[in-house]
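Input: a single structure, listed below in structure tokens.
The values are calculated or read from the model by the stated rules, or taken from the named source; none is laboratory data. What you see is a predicted model, and the numbers here were worked out from it, not measured in a lab. Cβ sites come from the backbone with ideal geometry, for glycine too, and all protein chains shown count toward neighbours.
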Amino acid sequence: MCGIVGAVAQRNIVSVLIEGLRRLEYRGYDSCGVAVLAGGEPHRARSVSRVADLDAQVGEARLEGVTGIAHTRWATHGAPVTDNAHPIFSRDAVALVHNGIIENFESLREVLRGKGYEFVTQTDTEVIAHLIHSLYRGSLYDAVCEAVKQLHGAYAIAVVHKNEPNTVVGARQGSPLVVGLGAGENFLASDALALAGSTERFVFLEEGDVTELTLGGVRIRDREGRDAEREVRTVHAYGGAVELGPYRHFMQKEIFEQPRAIADTVPQTDTFDAPLFGDAAEAAFREIDSLLILACGTSHYSGLTAKYWLESIAKIPTQVEIASEYRYRDSVPNPKALVVVISQSGETADTLAALKHAQKLGHRHTLSICNVSTSAMVRLTEMAFLTRAGQEIGVASTKAFTTQLVALFSLAVTLGKLRGHVDAAAEADYVKHLRHLPAALNSVLALEPQIIAWSEEFSRKENALFLGRGMHYPIALEGALKLKEISYIHAEAYPAGELKHGPLALVTEAMPVVTVAPNDALLEKLKSNIQEVRARGGQLYVFADADTRIVNGEGIHVIRMPEHYGMLSPILHVVPLQLLAYHTACARGTDVDKPRNLAKSVTVE
Ligand code: HGA
């Protein structure tokens, strides 16, 4: 989702700004733009196409400057058209980029109209530009400090003023923003990755911070307006641009990276103990009596899968809730519950807000499961377990999901051991199975040609049902979500036992029914559900474990999974569903890595 870059230097910074936007492209966007201060006023270029197009425009227009800001926009207020693209100007003096949503923009707009400001965009953002302009009395830093006091909602902003040719001011509340420190030059960006190559020294701004970047240094004021010192952290550059290699799309590459990502995420210790989750875990895990897992989208499904593991292996009551629901409902807090927040980026606005809400309600023990060590989520929680998926570019999550599952399974084993439900032999067995997972995944990935054969047929469908039971029900949910996200086929998932309570009415010959069929205690029940579908003429596509005796037949298409994997089976069974969604989307010719209307790190509510 929307990305911000800003720079003040003694050289032309347009290439730094454009390169920063390129590195933020993976977040998803629908327009982009850049503005520099030159000759005493701001100049901009904007595009409703890709950053490459913006780069060409900038070249043609010979846009150059030593101070500038840039943006990728994922529209929330106003269509993704050039006029609404950022940077947004106020009276050709202020140029501003914004990530987030200003909730009181309508009332602010009325007040500013009363002061003679003309609004030329449909964005909520334009009020910030005019507000800062109206408050400017010779110091942009002071004007921004004043302006943010009037903003309700979430924002990360970067702003320049024509009277201050060597200054960029930034501010954040609810959306991410980092400062990059250089020698005689300084930068701002939505994440450190955007500035790889320019600096390795970063300050992660805190909620409510306002910062002023000049050639000589960086100043920060906290939400109270007091001068603040923030820790400078070294974050090593993330290599060069991420390459596709032999793959057609990043999603395909990331699916195939899962054996490596999982091998890197599985704890390297032979025993699973609390310190794997941070220094505070030893004491915290002894105090807790239950878990409350908060997450959104795919991460929510990893939480749902983990509930089965946590209650079965660790015998600890576990509740899983969608973050955007939890944050706004009246709940009964249990201070002894461990709050677990799950997010690939660690910047997911709803999950961060749910975490803060839980903390406000008195939850003391919090753990994040996250792929980004420097994220707001990791910084806000008492404990953290970092997944080692590597950078995920495809908007539809794959390796982040399976590495989250590894983290959550490790948590279940650790808590089970601590609570006396996992003995040394069981622990050794779990560790052995986790270590063997990458090899097992490689055999699942070898099923790709068979899945491609199915995908041709799938690409002509407009609806699909996914069925699973027990801990494979969340896997069916994830399979349906993947198909929706990237192929735009309407897909729904049900626990197979629910079929007869409603969705069976949808089953006809035109409805493919994808079934996850591991050889577990629920197999016989699942086989009955399969018969119920067949009896209504439904076409079944079954991913069946080797020893399930479900075979190809009239209306039943079977792909055989290489081995049954016990408790860890969900991690294997989700992979063919990812491949099915991927190849179906390819056959339909959609933009797999950047599906319409979606963005990667969802930093707005
Ligand atoms: N609300 C602003 C910024 C949107 C945003 O943060 N996208 O990620 C707009 O609609 O322009």
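Data for the structure
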read-out	value
Wholly within segment 201-287, helices (runs of 4 or more DSSP H) carrying at least 3 residues that are buried (at least 20 other Cβ atoms within 10 Å of the Cβ)	250-256, 258-265
Residue satisfying all of: in segment 15-32; of a type in the set (A, V, I, L, M, F, W, C) and either in a helix (DSSP H, G or I) or away from the ligand (no atom under 16 Å from the Cβ) (or both); surrounded by the most Cβ atoms within 10 Å (Cβ to Cβ) among these	L17
Any hit, segment 157-172, residues being in contact with an Asp or Glu (Cβ under 7 Å, 6 or more places away or on another chain), assigned to a loop (DSSP other than H, G, I, E, B) and within 16 Å of the ligand (Cβ to nearest atom)	no
Leading residue by the ranking (surrounded by the most Cβ atoms within 10 Å (Cβ to Cβ)) among those in segment 355-389 that are charged (D, E, K, R) and not in a helix (DSSP H, G or I)	E382
Tally of residues being small (G, A, S), more than 11 Å from V8 (Cβ to Cβ) and at pLDDT 95 or above across segment 147-169	2
Residue match in segment 298-318 (condition: closer than 30 Å to A156 by Cβ and outside any helix (DSSP H, G or I))	no
In segment 102-145, the residues that are surrounded by 15 or more Cβ atoms within 10 Å (Cβ to Cβ), away from the ligand (no atom under 15 Å from the Cβ) and either under 24 Å from G3 (Cα atoms) or of a type in the set (G, A, S) (or both)	I132, H133, S134, S139, L140, Y141, A143, V144, C145
Filtered residues of segment 439-482 (kept if under 17 Å from A544 (Cα atoms), surrounded by fewer than 18 Cβ atoms within 10 Å (Cβ to Cβ) and small (G, A, S))	S443, A446, A453
Which listed residue is within 22 Å of V159 (Cβ to Cβ) and in contact with a Phe, Trp or Tyr (Cβ under 8 Å, 6 or more places away or on another chain), from V36, V51, V16	V16
Pick from segment 563-605, criterion more than 16 Å from the ligand (Cβ to nearest atom) and in contact with a strand residue (DSSP E or B) (Cβ under 6 Å, 6 or more places away or on another chain), ranking: nearest to E243 (Cα to Cα)	P576
Residue tally, condition within 16 Å of the ligand (Cβ to nearest atom) and part of a helix (DSSP H, G or I), over segment 55-95	3
From G39, G59, G78, residue being in contact (Cβ under 8 Å) with a residue 12 or more places away in the chain and of a type in the set (G, A, S)	G78
Pairs, first outside any loop (DSSP other than H, G, I, E, B) in segment 100-118, second away from the ligand (no atom under 13 Å from the Cβ) and of a type outside the set (A, V, I, L, M, F, W, C), C-beta under 6 Å, six or more apart	L112/H130
